[in-house]
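Contents: one structure, followed by commentary.
The values are calculated or read from the model by the stated rules, or taken from the named source; none is laboratory data. What you see is a predicted model; the values in this text were computed from it and never measured. Cβ coordinates were reconstructed from backbone atoms using ideal geometry, including for glycine residues, and neighbour counts include every protein chain displayed.
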Amino acid sequence: MHDWWIALVASAFGYIGRVNSPTLYYRQHGSNVAGSTSYSAGYFLSRLGSLGKTADLLKRVVTQAAIFLSTYRSKLVPMDQRSVIAFASLQSSPRFTRIGIMIKNGFKATGFLRNLGIYTLLFFMPKGTGSSGKAGGLNNVG
């Protein structure tokens with residue numbers, strides 16, 4: 001998740017680009033949470049077998065958005081604030097509203113099956129306050 005944090009900060013306040021030559025060595029191993037993956041039928045079957053782990057990851061990503069918002073809110077432009085507020089509110093929103101938030105804000109993954117999986121997990125994720133619920137004025141963009 002630390003890689004995602006770095007990418008989140010860089011995309012909000014800088015630029016994400018591509019360097020064509022390797023600058024470091026990176027080892028993939030079986031316990032990586034994210035990384036280079038082949039999205040084959042076997043991949044999707046294995047994900048079905050670990051729905052709890054995938055749902056937990058999704059909750060952590062939503063929580064990370066809430067933490068990002070509380071850390072950098074005053075430095076974000078209003079449009080970015082609205083996007084982060086929307087994403088951070090997913091877990092605390094009613095189930096059908098979650099799907100609307102995803103569609104309205106263009107939050108999506110690559111591929112139909114991945115999006116279907118994310119939307120399904122969001123729909124069935126228990127409603128909770130998470131980190132976003134304790135931020136009182138979460139919806140105030142200023």
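In the stretch 93-100, is there at least one residue being within 20 Å of PHE123 (Cβ to Cβ) and either in contact (Cβ under 8 Å) with a residue 40 or more places away in the chain or not in a helix (DSSP H, G or I) (or both)?
Yes - at least one qualifying residue is present in the stretch 93-100.
So if I check each of LYS104, LYS108, which one is without any contact (Cβ under 8 Å) to a residue 24 or more places away in the chain and in a loop (DSSP other than H, G, I, E, B)?
Residue meeting the stated conditions: LYS108.
Filter the stretch 5-35 down to the residues that are assigned to a loop (DSSP other than H, G, I, E, B) and closer than 20 Å to LEU76 by Cα, then identify the one that is modelled with the highest pLDDT.
GLY14
I'd like to check something: does the stretch 62-78 contain any residue that is modelled with pLDDT of 90 or more, part of a loop (DSSP other than H, G, I, E, B) and surrounded by 13 or more Cβ atoms within 10 Å (Cβ to Cβ)? Let's see the steps before the verdict.
Within the stretch 62-78, the first condition is being modelled with pLDDT of 90 or more, and the residues that meet it are 62-78.
Still in the running and part of a loop (DSSP other than H, G, I, E, B): 76-77.
Restricting the remaining residues to those that are surrounded by 13 or more Cβ atoms within 10 Å (Cβ to Cβ) gives 76.
Checked against the condition, which is being modelled with pLDDT of 90 or more, part of a loop (DSSP other than H, G, I, E, B) and surrounded by 13 or more Cβ atoms within 10 Å (Cβ to Cβ), the stretch 62-78 yields at least one hit.
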